[in-house]
Amino acid sequence: MLISSPHQMIVNMKKWIPLFFCCCLALSACQNNAEPGPATAAKAAPTATEDTGQTTEAQPADQGDRPDYVLVIHGGAGSIRRGVLSPEREKSIRQALQAALDAGEAVLKAGGSSIDAVQAAIIPLENSLHFNAGKGAVFTHDGTNEMDASIMDGATMDAGAVGGVTILKNPIVAARAVMEKSPHVLLTRKGAETFATENGVETVDPSYFFVQDRWETLQSILDEENKSGSRYTAPANSKYGTVGAVALDRQGNLAAGTSTGGMTNKRWGRIGDSPIIGAGTYASNATCALSCTGHGEYYIRYAVAHDVSALMEYKELSLSEAADLVINEKLVKVGGAGGIIGVDAQGNVAMPFNTSGMYRGYLKSTGEKVIEMYKEEE
Ligand code: ASP
């Protein structure tokens, strides 16, 4: 471009002014869409709604706001009230939840898959005495421990599950083996144990699962049954200590897993919702990943996990709207106690429950980290 005179120079500069303003606007738009720093993350921090126990957060403006990774866990819903647990026990449960979050985050941070993170987070919960899964599994009517677990990969829609297993140290590992090494989705009892053993899943003597206070809970229910002459007493006002995890990884893939000892005093080979894909566990990259805890018969009848996903897919509800509708309206109407945890494809988290408490927590790559137990958290 040749500049012939000062006047010509001014004319040319004027031509560039609109372009300069366009560049400034584009630059500021980019800054607004950038991964939120700690200050932005703090602003978007979730709020627990007192009456529903639901945790929601602002929806991101677009895909650019998706955190690199998200992990959500639960350790069961039920009659969990402030002041009932000793401070030492409460501290120890919070530490166990923290250990599960740490184990899952180590996988996600290193770029591992959501399915690996889910399994990594569930194993320490299964190994803890505090939760009704693995080591801490409740007793059946016959004094045995029968465990159920499932896992689902939202990228491939593959799933695996085991039901009524008694010698597998970590039922979630067996569920993963069913998913990856068998042509089936759900294996039960001796067959599941044979398959898992043949595929290298660690076994233990059933006495490994003996925990004194779980045993005493069964004895007091059996005493009540004897006194009342009733044939079957479902534990009243229970704590459903099932464990679960859902994750979104750096690749944008979702996964979910759930593991449980079921319900104290269960009999006749009863299997709950936890190993039923679509009831206790569900994951689809198209919507979200979900893990449930609560009175399993209701979760099976109302296909709870799939119902939440379907409300998102077909009615275009957000994760928190869908989860809240199912847990706090549909289930409440019919008396189905429990909760659910979920993460959607954008990294939004929901953790609603209709009981007095639910052991729960989540973390995001943005630095947010939450561990909660009661409905009314400070
Ligand atoms: N949902 C489990 C079951 O019914 C129990 C629980 O969540 O603790 O087997």
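The values are calculated or read from the model by the stated rules, or taken from the named source; none is laboratory data. For clarity, every value in this text was computed on a predicted model and none was experimentally measured. Here the Cβ positions follow ideal geometry from the backbone for every residue, glycine too, while neighbour counts run over all protein chains shown. Each accessible area value is taken on the protein alone, full model and side chains, heavy atoms only, with ligands, DNA and RNA left out. Shrake-Rupley method; radii C 1.70, N 1.55, O 1.52, S 1.80 Å.
Of note:
- Whole-percent P(r), segment 79-128, all Cα pairs, 5 Å bins from 0: 5, 22, 23, 16, 15, 9, 7, 3.
- With all protein chains in place and a 1.4 Å probe, the accessible surface of segment 70-377 carries 51 percent carbon and sulfur.
- Of the listed residues Met263, Met157, the order by accessible area with a 1.4 Å probe, largest first, is Met157, Met263.
- Aspartates and glutamates whose Cα lies under 20 Å from that of Lys315, excluding same-chain neighbours fewer than 8 positions away: Glu57, Asp62, Asp307, Asp324, Glu329, Asp344
- Exposure ranking of Arg250, Arg81, Arg360 by accessible area [1.4 Å probe, largest first]: Arg81, Arg250, Arg360
- Solvent exposure of Glu146, expressed as accessible area, is near 30 Å², computed with a probe of 1.4 Å over the protein chains only.
- For segment 144-233, averaging the sequence separation of C-alpha pairs within contact (under 8 Å, six or more residues apart) and dividing by the residue count gives a relative contact order of 23 percent.
- Using 0.36 nm per residue and subtracting the Cα-Cα separation, the extra length available between Ala106 and Lys91 on full extension is 3.2 nm.
- Leu363 contributes an accessible area of around 0 Å² to the protein surface, as traced by a 1.4 Å probe with all chains present.
- 17 Å cut-off, amide nitrogen to a point 7 angstrom out along Val332 Cα→Cβ, residues in segment 357-378: 357-358, 375-377
- Volume per residue of the C-alpha convex hull in segment 174-275, rounded to whole Å³: 149
- Full-extension gain in nm, Asp223 to Asp205, via 0.36 nm per residue minus C-alpha separation: 3.7 nm
- Distance between modelled label sites at Glu376 and Trp268, nm, 7 Å Cα→Cβ extension: 4.1
- For segment 70-377, the solvent-accessible area of protein heavy atoms averages 36 Å² per residue (probe radius 1.4 Å; ligands and nucleic acids excluded).
- For segment 70-377, taking the reciprocal of the average inverse distance between every pair of different Cα atoms yields a Kirkwood hydrodynamic radius of 18.7 Å.
- Dimensionless Rg over Rh [segment 338-378; C-alpha; Kirkwood]: 0.98
- Accessible surface ranking for Ile151, Ile276, 1.4 angstrom probe, highest first: Ile276, Ile151.
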